[in-house]
Amino acid sequence: MTISLSTLEQNIINQYQKGFPLCSQPYKVIAEELNSSESEVLSAIFKLDEAGILSRIGPVFNHKKAGSSTLAALAVPAELLDEIAEIVNQFEQVNHNYAREHSYNLWFVVTASDDDALAQVITKIEQLTGYQVLVLPMEASYHIDLAFNINFSQHQLGSH
Amino acid sequence: MSNYTSQPSAQLSPLERQYVLLTQSGLPIVSRPYQHVAEQLKISVAEVLAMTTDLKERGIIRRIAAVPNHYKLGYRFNGMTVWDVKDEHVSEFGKVVGQLPFVSHCYLRPRHLPQWNYNLFAMVHGKTELEVQQYRTQIKDLLENILEVRNDDTDQACQFQSSDMLTSTEILKKTGLRLKR
């Protein structure tokens, strides 16, 4: 299946990954900026949302300032990866978990209300899994935004 | 355990925590999205907008965004490139790498020797595996002269590489920021 996006939809995706208007009727502002109408913009956004192309619209929080967080990794035997991933995923403080090709093969982000709570979660993960957690908190950020220009021309968009 | 944050953590008022809980998975797609938030928080829309501006100024909100799902847009491949950069150069070159158009995150993180010798992390995204490999090479060209060389003893088996790329094989869990109620 191929998703084809209108110019309006492409513009919405590329222009509002940051600087989504902060006002009571943001879609009206977008419509003015994109030479469209509020209802056209809203229906375009509905379509993008339904298709899963937009994951959400709203504030993007800085994990570090809204609480305490760190990247963490475990090196576990391949045959235990799923089992241990399940243990790690049980923690509501774990909000990303990726299997990666490396001796450290399980990579996740832990977020808690403060440093002490974070340390406790990590200790619990170590106790329950029996493996030492590699704790890699961010010390400096050299790029703060997950916003990059989507190239719509290069390939067709697929969804399968 | 060491401090994870550079900022005091208890920065949110109870109302602000409620605001985070209400908005972290997205605003409703309606003409007046902040109206819903205002009703839930029992404050006015103007107050919600003022709170949002304030949270932005304090750096708690990074940005207001229509957040695309990169995977659905064809960016199926990502690589976490990791580099053992000499400490005195990491800040300068980190900023250069962070500005590359295909890099979504670029962070300084602590080393844990001997298990982990990489201090600079740059996440790259592409539509093919080859594209991601090419991005890694581009970063390597930039950092070539400032990487640590830790294995000068030729008798020893190579213990440390100066860079690596970890590709994801499976997404095991992915949710946005979740604050505990």
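The values are calculated or read from the model by the stated rules, or taken from the named source; none is laboratory data. Everything numeric in this text was worked out from a predicted model, so none of it was measured. With ideal geometry, Cβ positions are generated from the backbone for all residues, glycine too; neighbour counts draw on all protein chains shown. These area figures cover heavy atoms from the full protein model, side chains too; ligands, DNA and RNA do not enter into them. Shrake-Rupley method; radii C 1.70, N 1.55, O 1.52, S 1.80 Å.
Figure legend. Inter-residue proximity from the stretch A:15-39: first residues within 25 Å of B:S44 (Cα to Cα) and free of Cβ contacts under 8 Å to residues at least 40 places away in the same chain, second residues assigned to a helix (DSSP H, G or I) and among the acidic types (D, E), beta-carbon distance below 6 Å, spacing 6+ or different chains. Indicated pairs: A:Y27/A:E38; A:K28/A:E38; A:A31/A:E38.
Within the stretch A:24-44, the presence of a residue that is touching a Lys or Arg at 6+ places or on another chain (Cβ under 9 Å), within 7 Å of chain B (Cβ to nearest Cβ) and modelled with pLDDT under 90 is excluded. Inside the stretch A:76-92, can you point out the residues that are within 18 Å of B:S168 (Cβ to Cβ) and of a type in the set (A, V, I, L, M)? Result: A:V76, A:A78, A:L81, A:I84, A:A85, A:V88.
Condition check for A:F61 on (1) open to solvent by less than 50 Å² (accessible area, probe 1.4 Å); (2) modelled with pLDDT under 95; (3) closer than 19 Å to A:G130 by Cα: one failure, at (3).
Within the stretch B:91-120, the residues that satisfy the criterion of being open to solvent by 10 Å² or more (accessible area, probe 1.4 Å) and outside any loop (DSSP other than H, G, I, E, B) are B:S91, B:E92, B:F93, B:K95, B:V96, B:H105, B:Y107, B:L108, B:H112. Set side by side, the residues A:E40, A:E9 differ, and just one is of a type outside the set (A, V, I, L, M, F, W, C), open to solvent by 40 Å² or more (accessible area, probe 1.4 Å) and farther than 20 Å from B:Y19 by Cβ, which is A:E40. One residue stands out in the stretch B:1-54 among those that are touching a Gly at 6+ places or on another chain (Cβ under 7 Å) and at pLDDT below 90: the one that is surrounded by the fewest Cβ atoms within 10 Å (Cβ to Cβ), namely B:S25. Within the stretch B:57-90, the residues that satisfy the criterion of being part of a helix (DSSP H, G or I) and modelled with pLDDT of 95 or more are B:D87, B:E88, B:H89, B:V90. Is it the case that B:G59 is surrounded by 17 or more Cβ atoms within 10 Å (Cβ to Cβ) and small (G, A, S)? It is false that B:G59 is surrounded by 17 or more Cβ atoms within 10 Å (Cβ to Cβ) and small (G, A, S).
Residues of the stretch B:62-90 being among the aromatic types (F, W, Y) and open to solvent by 10 Å² or more (accessible area, probe 1.4 Å), which ones? Within the stretch B:62-90, B:Y71, B:Y75, B:F77 qualify. For the stretch A:64-108, the set of residues classified as open to solvent by 30 Å² or more (accessible area, probe 1.4 Å), under 28 Å from B:L12 (Cβ atoms) and either more than 7 Å from every other protein chain (Cβ to nearest Cβ) or modelled with pLDDT of 90 or more (or both) consists of A:N89, A:Q90, A:Q93, listed by residue number.
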